[in-house]
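So the structure is just underneath, and the comments pick up after that.
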Amino acid sequence: MKQHLHYLPFILTGLPLLSCSDKKQTEETESPNIVFILTDDMGYGDIGTYGGKFVPTPNLDRMAEEGIKFNQYYSASPISSPSRAGLITGQHPGRWHITSYLQTREGNRNAEMADFLATDAPSLPRTMKNGGYKTAHIGKWHLGGGRDVYNAPIFSEYGYDEYCSTYESPQADPLLTATDWIWSPEDSIKRWNRTAYFVDKTLDFLKRNKGESCFVNLWPDDMHTPWVGNLEEQQEVPKDYESEKNFRTVLIDYDRQIGRLLQGIKDLNLDKNTIVIFTSDNGPAPSFRGSRAGNMRGCKASLFEGGMHMPFIIWDAKGTLPKGVIDNTSVISAVDMYESLCTIAKVEVPNGYKSDGMDMSKALLGKPQQRTIPLFWEYRRNDSKAFPMPHDKDKSPNIAVREGDWKLLVNDDGTDAMLYNLHDNLRENIEVSEKHPDIANRLKEAALSWHSSLPKYEIHESEK
């Protein structure tokens, strides 16, 4: 049966149209197609080129060999929803009251957060659309909708022309959601075929919009548990769905599907003007004794490196980008992507937009950049179960800051301050605040001041 993306009418956003040239040009457009792959729960150590030893990942390795591999990229949060909010807005997710994974209304209240990303928040796809791009969201959303949240804004309100999404969204694809949950053996598109389905949707979108500049958020969810792969005859979740065996099976196919995407772009003759970015939303869970986190301390839901320090590869087959470059020096964050990708796309940001990141487009195009502003993170506003916690050794204080090679973690009450020199000790097992008290005190003050500047969520009567 032939599948189609859902088509959305144009909706005015209230933002001014930007003074950008019309993108309806020749097949080789002036501004590049951008496909942003945000993998769900993939660790730094899952990929061969980053030291992964679970299974070969030849397609991701080749993507790095043909493009630029970054060794110091950070997600905006160590857990799904705030990580995605930071990427979409270019701002700290706490500014928009998203601090844990979006869940039930009661769970959201317990986490002191909103039920969905507000539509008055900055939106990278909306800015791209206003700049003349065709836009699509394909894959997991997790920024509102699902469970008992029925009033989440639809995709068009964030600037998407087309969409295809999973359960955790306002407009889930019925072929992926036979039941009211994330996955079911009754789904028409089986769990083990999801990424292939999303890749097909992406290639179809690019094909139908050939000659236009396209921006696609491709956000697969295969690498998030339950891991169910190559089980066409098995119609139920296996008992060992979090086993290393099942993880390997899913990762092998996931890598294969990334290869299909890259080859499909070439087959459509779009490789001359398409860049593909590959990264992850947060650290792994389970981490298999830290190996999936590249043996860094931490995992999903931790502010230690393993929870936020992610693989990041940018690729174009034409070779406009430098080939086989490894950038060990540029410190890049998801909150940098809004400004950086707008620069690459030749799209102006809205008047008055204030980023919490910086324009790192030079680094993305192959020229390492020095970071001139610090990075901040938070995770866990209270001790409720609305904030999943890792095991004790990976549990971190709830605020972190990185400035240069220095990283400090501290609780919001000022306790448990920990200082690390990441250049010398990426594993964060040698705490050095006593040796560098001035640096520790300065960064502690900066971290606490930043955290106190974030808005506190107030529960309205209608939400109680």
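The values are calculated or read from the model by the stated rules, or taken from the named source; none is laboratory data. These numbers were taken from a predicted model, which means no experiment stands behind them. Ideal geometry is used to build each Cβ from the backbone, glycine not excepted, and the neighbour counts take in all protein chains shown. Heads up: the accessible areas ignore ligands, DNA and RNA and are worked out on the full protein's heavy atoms, side chains in. Shrake-Rupley method; radii C 1.70, N 1.55, O 1.52, S 1.80 Å.
Under the combined filter of DSSP loop state and at most 10 neighbouring Cβ atoms within 10 Å, the range 334-368 retains these trypsin sites (Lys or Arg not before Pro): 354. Over all projection directions, the Cα-based convex hull of the range 293-345 averages an area of 5.0 nm².
Rounded to the nearest 20, the Cβ-based charge dipole of the chain about its Cα centre (Lys and Arg +1, Asp and Glu -1) stands at 720 debye. Compared with the direct C-alpha span, the chain from residue 210 to residue 175 gains 10.0 nm at full extension, assuming 0.36 nm per residue.
Within the same chain, lysines fewer than 8 places from residue 393 are excluded, and of the rest, those with a Cα less than 20 Å from its Cα are 300, 385, 407.
Using the alpha carbon gyration tensor of the range 271-323, what are the three equivalent-ellipsoid semi-axes (square root of 5 times each eigenvalue), largest first, in whole Å?
Semi-axes from the Cα gyration tensor: 30, 9, 8 Å.
For the chain, the 222 nm mean residue ellipticity estimated from helices alone, with every DSSP H stretch of n ≥ 4 adding -39500 (n - 2.57) and the total spread over all residues, rounds to -6500 deg cm²/dmol. Treating each Cα of the range 239-394 as one equal point scatterer and applying the Debye formula with no solvent, the log10 of I(q)/I(0) at q = 0.19 Å⁻¹ comes out as -1.31. Principal axis extents of the C-alpha atoms in the chain (largest first, rounded to whole Å): 62, 52, 50. Highest mean packing first, where packing is the average number of other Cβ atoms within 10 Å per residue, the peptides 150-158, 135-143 line up as 135-143, 150-158.
The alpha-carbon atoms of the range 327-455 define a convex hull whose volume equals 145 cubic angstrom per residue. Normalised by the number of residues in the chain, the average gap of Cα pairs under 8 Å and 6 or more apart makes the relative contact order 23 percent.
I'd like the distance between the alpha-carbon centres of the range 41-120 and the range 150-179, rounded to an integer number of Å. Answer, in whole Å: 19.
Pairs of C-alpha atoms in the range 191-312 farther apart than 24 Å represent 38 percent of all such pairs. A full extension of the chain between residue 456 and residue 55 corresponds to an added length of 140.0 nm, given 0.36 nm per residue minus the alpha carbon distance. Computed over protein heavy atoms with a 1.4 Å probe, the carbon and sulfur contribution to the accessible area of the chain reaches 50%.
Taking 0.36 nm per residue of sequence separation and removing the Cα-Cα distance, the residue 151/residue 382 pair yields an extension gain of 80.6 nm. Diffusion of the range 155-225 by Stokes-Einstein, at 25 °C in a medium of 0.890 mPa s and with Rh set to the Kirkwood radius over alpha-carbon pairs, works out to 187 µm²/s.
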